[in-house]
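Participant: Take this structure first; my questions come after.
The values are calculated or read from the model by the stated rules, or taken from the named source; none is laboratory data. These numbers were taken from a predicted model, which means no experiment stands behind them. All Cβ positions, even for glycine, are placed from backbone atoms using ideal geometry, and neighbour counts span all protein chains on display. Calculation scope for accessible area: heavy atoms of the full protein, side chains included, ligands and nucleic acids excluded. Shrake-Rupley method; radii C 1.70, N 1.55, O 1.52, S 1.80 Å.
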Amino acid sequence: MTARPAPTPEKLPALVQPVLEFFGKQSCYDFLPPSSQVLALDIDLPLRHAFCVVTEHNSTFATLWDSQSQKLCGMMTVTDYVKIVLSMMNEPEKMEAYWNSPIRAWKDERPDHGRPRDTIIQVDVEDSLLSAIHLLYTHNVHRVPVTHDGNLLYVISHLPLLSYMVSSEEGMNSDLFSFTIQELEIGTCNEIASATEDFTIGELLQMSMERGISTIPIVDPQTKKTH
């Protein structure tokens, strides 16, 4: 099958418009599940305990709460956990002290990316889903907390948004979805990161951070098949 040419920049807005209209009409409240679990950690909690809580709840992130200012103040994600582990591996003599230090100390040390350290990117429950998507895109983040009057209700991320769109006939009402990934020139098809079974956990974590990826296929060097 011969691939069609990719849509021109002039035609893309018309293809994307139905999707934008769909998300623009849906509020974050409409998106909330009937029941959900949100995890918030006080930033005076030691990192050791924070890891335990996140693991027990089988979560890849937690919203951070400052009990002194009585407000949400950030997010701690699986990427942060990996960076902390790598830091401990590189400086094992400091591991015990770092492990027992509070989240607040870690938060004060990490880059603020030009934002005040005590603020958090968030969206109100009455705002549109398009507003939430705009925040995800413009701030290059993977999650945005949904709040109301300062209370944490939910955390929006990419996958639930995509699932919500796919489950709706209106959400998929665009010719955009008739194009292949080759025609739209999206996805990663070259220089794909991979590893073999003899890679150490440390090497895998380091590769994940360096390449900015969350999944690494394990390839059998003999058969070239993935596990």
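Participant: Take Ser208 and tell me if it is under 30 Å from Ser27 (Cβ atoms) and either small (Gly, Ala, Ser) or in contact with an Asp or Glu (Cβ under 8 Å, 6 or more places away or on another chain) (or both).
Facilitator: no
Participant: Another one. Checking Gln17 against (1) on the phi < 0 side of the Ramachandran plot; (2) modelled with pLDDT of 85 or more; (3) surrounded by fewer than 15 Cβ atoms within 10 Å (Cβ to Cβ); (4) within 22 Å of the chain's Cα centre (by Cα), which single condition isn't satisfied?
Facilitator: Single failed check for Gln17: (4).
Participant: Tally the residues that are out of contact with any strand residue (DSSP E or B) (no Cβ under 9 Å at 6 or more places or on another chain) and either of a type in the set (Gly, Ala, Ser) or in a loop (DSSP other than H, G, I, E, B) (or both), restricting the search to region 195-221.
Facilitator: Of the residues in that region, 9 qualify.
Participant: Shifting gears a bit: Residue by residue through region 142-156, note down the ones that are open to solvent by 30 Å² or more (accessible area, probe 1.4 Å) and either in a strand (DSSP E or B) or not charged (D, E, K, R) (or both).
Facilitator: Result: His142, Arg143, His148, Gly150, Asn151, Leu152, Leu153, Tyr154.
Participant: Looking only at region 174-189, decide whether some residue is open to solvent by 40 Å² or more (accessible area, probe 1.4 Å), within 30 Å of Ala40 (Cβ to Cβ), within 22 Å of the chain's Cα centre (by Cα) and among the polar types (S, T, N, Q).
Facilitator: Scanning region 174-189, I find no residue that is open to solvent by 40 Å² or more (accessible area, probe 1.4 Å), within 30 Å of Ala40 (Cβ to Cβ), within 22 Å of the chain's Cα centre (by Cα) and among the polar types (S, T, N, Q), so the answer is no.
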